[in-house]
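Below is one structure, written out as structure tokens, with a few remarks after it.
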Amino acid sequence: MIVIGAGPGAADLITLRGARRLAQADVVLFDALTDPTLREFAPKARWVHVGKRGFADSTGQATINALMVKYASEANTVVRLKGGDPSIFGRLEEELEALAEAGIECEVVPGVTAAIAAAAATQRPLTDEAAVAA
């Protein structure tokens, strides 16, 4: 099982490692916040929507955990594709716990967080060297 951070929205902001690992997928469980053009990286994979949206149809976390375990037990390479970075607002801990309880090993591929991407897009550094030196 591989958990991949897809980056902050645009498909070309996924990391190179994330894109390479996604290309190996047989099954992809993807969030609502992932760019649909990411399917180009794994066109032969089975894509399963497990997204959550406020005030809309959403997949509960218990269901997502069960699907991760189910597919990881059935397929060679299963990817859980999450928007941004999986460890920030991504419920990664719950998903890793469910996999560990089922005896399934997992690799986590970090993604570019929205905070970092927003700072870069607006050309605003997140640190101020002058303030740090003072």
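Work out the FRET efficiency for residue 24 and residue 119 from their Cβ-Cβ distance, taking R0 = 35 Å, and round it to the nearest 0.05. After rounding, the FRET efficiency stands at 0.65.
Sorted from largest to smallest, which semi-axis lengths in Å does the alpha carbon gyration tensor of segment 48-134 give for its equivalent ellipsoid, taking the root of 5 times each eigenvalue?
Working: eigenvalues 221, 53, 25 Å².
Rounded to whole Å, the semi-axes are 33, 16, 11.
Once the Cβ-Cβ distance of residue 49 and residue 129 is raised to the sixth power relative to R0 = 41 Å, the FRET efficiency obtained is 0.40.
Amide H to amide H distances under 5 Å link residue 80 with 2, 3, 4, 29, where only residues 5 or more positions off or on other chains count and H is placed in the peptide plane.
Solvent exposure of residue 30, expressed as accessible area, is near 30 Å², computed with a probe of 1.4 Å over the protein chains only. Convex hull volume of the C-alpha atoms in segment 1-109, normalised per residue: 89 Å³.
The values are calculated or read from the model by the stated rules, or taken from the named source; none is laboratory data. Just so we're clear, the structure is a prediction, and the values are computed from it rather than from any experiment. Cβ coordinates were reconstructed from backbone atoms using ideal geometry, including for glycine residues, and neighbour counts include every protein chain displayed. In case anyone asks, the SASA skips ligands and DNA or RNA and just uses the protein heavy atoms, side chains included. Shrake-Rupley method; radii C 1.70, N 1.55, O 1.52, S 1.80 Å.
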